[in-house]
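Peer 1: Handing you a structure now.
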Amino acid sequence: MVQFHEHIISDLLEDPNGGLVVLSSGLSLSKLIATLLSLHSSDQGTLLILSANPSQRKSILISNPNPNFNGGPVEITSELPAHQRNALYSSGGAYFITSRILIVDLLTSRIPTSKIAGILILNAHSLSETSTEAFIVRIMRSLNKNAYIRAFSDKPFAMVSGFAKAERIMKCLFVRKLHLWPRFQVYVSEELEKSPSKVVDIRVPMNSAMKGIQKAIIEVMDACLKEMRRTNKVDVEDLTVENGLFKSFDEIIKRQLDPIWHTLGKKTKQLVSDLKTLRKLLDYLVRYDAVTYLKYLDSLRVSESFRSVWIFAESSYKIFEYAKKRVYHFARSEAGKPTEQKTNVSGKKRKSKESSTEKEASGGGVFLQEILEEPPKWKVLRDILEEIEAERKKKALSSDEFMSENEDDSNGIVLVTCKDEHSCMQLEDCITNGPKKVMREEWEKYLLSKVELKGYQGRQKGAKKKAKEPKGFGILDGVVSRTGKEDGEPSSINKQENDALLAAASAIKNLSKKETAVEDTCQHDVSNDVNEPGRRKGKSKKPLEKHSKTRSKSKTSDTSQIASPVNEGERTGDNKVAEGGLHEGKQRTLPAANGILRRHTEDIDVDITTSRRPLPPVHFHALESDQPILDILKPSIIIAYHPDITFVREVEVYNAENPSKKLKVYFLFYEDSTEVQKFEASIRRENGAFESLIRQKSMMMIPVNLDDHLLGVNFPIESQSSVAQNSITRKAGGRKETDKEMQVIVDMREFMSSLPNVLHQKGMRIIPVTLEVGDYILSPLICVERKSIQDLFGSFTSGRLYHQIEMMVRYYRIPVLLIEFSQDKSFSFLSASDIGDDVTPNSIISKLTLLAMHFPRLRIVWSRSLHATAEIFASLKANQDEPDEAKATRVGVPSEEGIVENDVRAENYNTSAVEFLRRLPGVTDSNYRAIMDGCSSLADLALLPVENLADLMGGQKAARTLREFLDAKYPTML
């Protein structure tokens, strides 16, 4: 354990009430939690861990040094019955638990709160006054004041996203101390810099096409930001390109625009989406290869071409042009010139040359020239691996004693970290099969996807021919004139280019069929001729299998067994020939008509037979998986292919924990790229966040006695009206009236929202049960179905809302549909310009109108926020009886015979018969209830004379219409 973790724990243990700890990202928060768990004993009581995501749980379990927990804390799930959960709460262990299960058990008094030692809350930056965790802490503090609350966060930037967020979180958790541990803190910096590892910072220059794409994207992003500044709806200081590189930029824009979202035009809304797309384009430029990048751009052109603003910006065409130049070159052929250009291109262009010559022969006069530009980092990564192996060979040859001494400290593992799984798999394939084959496979996939896309577009055109004209109308917004004169020429060139790509795809399909047949026969011949080398190959794999067993825990892919054949040819024998002539030899063999795969497999087999010593094991790890890979593998060399500030801190902590291991770290950056800018900006952002938190800490105003601010079960709130009444001495001599405790029955599923917490703050008693009908029962007569805006749209689409309201109308006198908006969003469905006069099946206003007409007794209540909903509930409960828990749980639950026992409504009726009655001629919404009161069944209705029907239906005309329908003869066929 690092020493600054000991300082953090000692600071926490000094305060029995707990505290809030904010760490820099990557400073091993999971190990800190595991150490706290190891210090916990069963005599102190039960320890509960809240808000831990799956990756954090796994890291804590791996890092837990205490053998008393038998493998670490256990998770309490809803599958465990109540009595088993009660036994676990009393056992004195440490348990992971979700906030929903814990709050329900607290409200139903299933937890012996006196036996709870404390609560650890992770991801404290996501808490708020209305969160379920704050609800839990408030109830726990009111029932057990000795329990400690310790909250942790390793996202300092998220702690300063709102006004005095850290102070508000501390108040809702009832803690008084804020512990800040940035990277520049004295204890942290001293320990992490005590024995620094050897760092090699490699700046890889970007090629001209990548620089052009990056410059064009930044120009387009800057143009979009300027358009947003003109709206005067957003704070100008936040609208910078540097902020646009981070995901948090979307949250900044969303937080500012949500309250006025309904007043924004389509262009402004599209700009918000376009900025997110441009940020992805910048990220993918340095992350993926040229073919994958072009494929993503093509998908954007298809999906967003008619909506996006950025596609029609001035510099956007450069992005597509440079992306194409990295993959292929399309040109018209003139006499003798195509052959000259083809000689400058490597042999990997063989297949497209064949297809291009076919097109020239057919009279097309065009050719498609493959470029297939490899990412510059690929070659650098391969050079680094070769350099590592060369250094190890030198050390091994210089002294055998050094190797024996170094065996304990270094296991020879090389770890390569990437951002995602796709990059890991591609780099593994690159080291295994060579970059040319990887690019060839991606190119073939791209061409085949072009064929699929053409078929999809053909189906779309056949299905939606009428939609052609309006789609492009008005979207270009005056940009059409920029290319007005060249409309005819580019369109013809694009068509020829697309035809050439499709021809290349069909040629690849035909060649692949032939090559698979050649490969099968070739492999059969090789297996018969080469038996002895095959045995040696099997023997050489044994030491590698030992490494693979130790790495079976991680999900990273082991490339050592596959990578060794390709690299051994370069390392063994004549190094000069291997390094200088291997690729050239491959290029010479490529023009052979059908033997490309055969020659490639032969080269690999030769490498395998000559290899006697494997490469050092290379592991690829995706940073998005959030696994403690350093503690699992314990590598001696780390290559950060995609540098990340969080992982850099993890490497520093790992180096501080293992000072004897001589760690070497390589950083691969693209020079003068947004990758470097984003990495440096993330450090500045984190330091700025901690400086802001330090200023906030110096000016914080935390109440001296936080327990006085407890609300809820034991501390009901006094309404202002009762205080005002107590001031009048004429009423009962100024004695305080005994307030009636309000009760609300809440469905278990509703604890995913924050409304039960707000109701509890208002002094209402929350009774959690499983309800079949409704979400909230306010009284024996009032049932409420609560819908957020997103849920309302989804319920209308699925038809679930109709059934829910039908059940409420059947069993309760006053069914209520509560439509609840978010406090930070606009209090409206649509802008005034979007509301039409006609009833349309897709309009939410039309759907609500039809719902109100179909259920006349339904009451629709609109609420601006959670707190407004609590006020509405309090006013609805005025002069109403308290709901009965037993009756509410029986509503809608049939017995074994299928009959609903003790139905709450006295007039329980047959809904099918009522629907049949309402569809009869002459029966309307205004008279069907009178008919139901006058007739006990449909049989009685059929026997009533016209005079009685007229009295019930309110007129002779309606009565005669119904009578004629009932008496009409039905033709039968014998």
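Peer 1: Which length gain, in nm to one decimal place, applies between Ile767 and Ser195 when the Cα-Cα distance is subtracted from 0.36 nm times their residue separation?
Peer 2: Full-extension gain reported as 200.1 nm.
Peer 1: Continuing with the same structure: From the protein chains alone at 1.4 Å, what is the descending order of accessible area for Arg326, Arg859, Arg301, Arg229, largest first?
Peer 2: Per-residue accessible area, sorted high to low, gives Arg859, Arg301, Arg229, Arg326.
Peer 1: Sort largest first and round to whole Å: the equivalent ellipsoid semi-axes of segment 3-194, each the square root of five times a Cα gyration tensor eigenvalue.
Peer 2: Value: 26, 20, 15 Å, ordered largest first.
Peer 1: Quick one: which of 634-642, 140-148 comes out on top by average Cβ neighbours within 10 Å, and what's the full order, highest first?
Peer 2: Ranking the peptides 634-642, 140-148 by packing returns 634-642, 140-148.
Peer 1: Restricting to DSSP loop positions (anything but H, G, I, E, B) with no more than 13 other Cβ atoms inside 10 Å of their own Cβ, which trypsin sites (Lys or Arg not before Pro) remain in segment 149-224?
Peer 2: Answer by residue number: Lys194.
Peer 1: Here is a follow-up. At a Förster radius of 41 Å, what calculated FRET efficiency corresponds to the Cβ-Cβ distance of Ser625 and Gln823, to the nearest 0.05?
Peer 2: 0.70
Peer 1: State, to one decimal in nm, how far the label point of Asn207 lies from the label point of Ile694, with both points 7 Å from Cα in the Cβ direction.
Peer 2: 4.6
Peer 1: Looking at segment 155-213, I'd like the Rg to Rh ratio, where Rg is from alpha-carbon atoms and Rh is Kirkwood's inverse mean 1/r.
Peer 2: Answer for segment 155-213: 1.26.
Peer 1: Now for a different question. Of Thr46, Thr98, which has the most accessible area with a 1.4 Å probe, and how do the rest follow in descending order?
Peer 2: Thr98, Thr46
Peer 1: Once amide H atoms are built 1.01 Å from N in the peptide plane, which residues 5 or more positions from Gln369, or in another chain, come under 5 Å H to H?
Peer 2: His329, Phe330, Ala331
Peer 1: Using 7 Å Cα-to-Cβ label points, what is the Lys394/Arg929 separation (nm, one decimal)?
Peer 2: 9.5
Peer 1: Another question, then. Can you sort Lys31, Lys877 by solvent-accessible area, 1.4 Å probe, largest first?
Peer 2: Per-residue accessible area, sorted high to low, gives Lys31, Lys877.
Peer 1: Might you work out the accessible area of Thr770 for me, using a 1.4 Å probe with all protein chains in place, and round it to the nearest 10 Å²?
Peer 2: Around 70 Å² of this residue is reachable by solvent.
Peer 1: So which of Lys194/Lys395; Lys269/Lys847; Lys226/Lys276; Lys155/Lys634 end up more than 18 Å apart by C-alpha?
Peer 2: Pairs exceeding 18 Å: Lys194/Lys395; Lys269/Lys847; Lys155/Lys634.
Peer 1: Then there's this: Which GluC sites (Glu not before Pro) does segment 168-216 hold that lie in a coil by DSSP with at most 14 other beta carbons within 10 Å?
Peer 2: In loop regions of segment 168-216 (DSSP not H, G, I, E or B), the sparsely surrounded GluC sites (Glu not before Pro) are Glu193.
Peer 1: Taking the Cα-to-Cβ direction at Lys662 and at Ser114 and moving 7 Å from each Cα, how far apart do the two end points lie in nm?
Peer 2: 6.3
The values are calculated or read from the model by the stated rules, or taken from the named source; none is laboratory data. Because the structure is a prediction, the values reported are computed rather than measured. A quick note on method: Cβ atoms are made from the backbone with ideal geometry, for glycine too, and the neighbour counts reach across all protein chains shown. Each accessible area value is taken on the protein alone, full model and side chains, heavy atoms only, with ligands, DNA and RNA left out. Shrake-Rupley method; radii C 1.70, N 1.55, O 1.52, S 1.80 Å.
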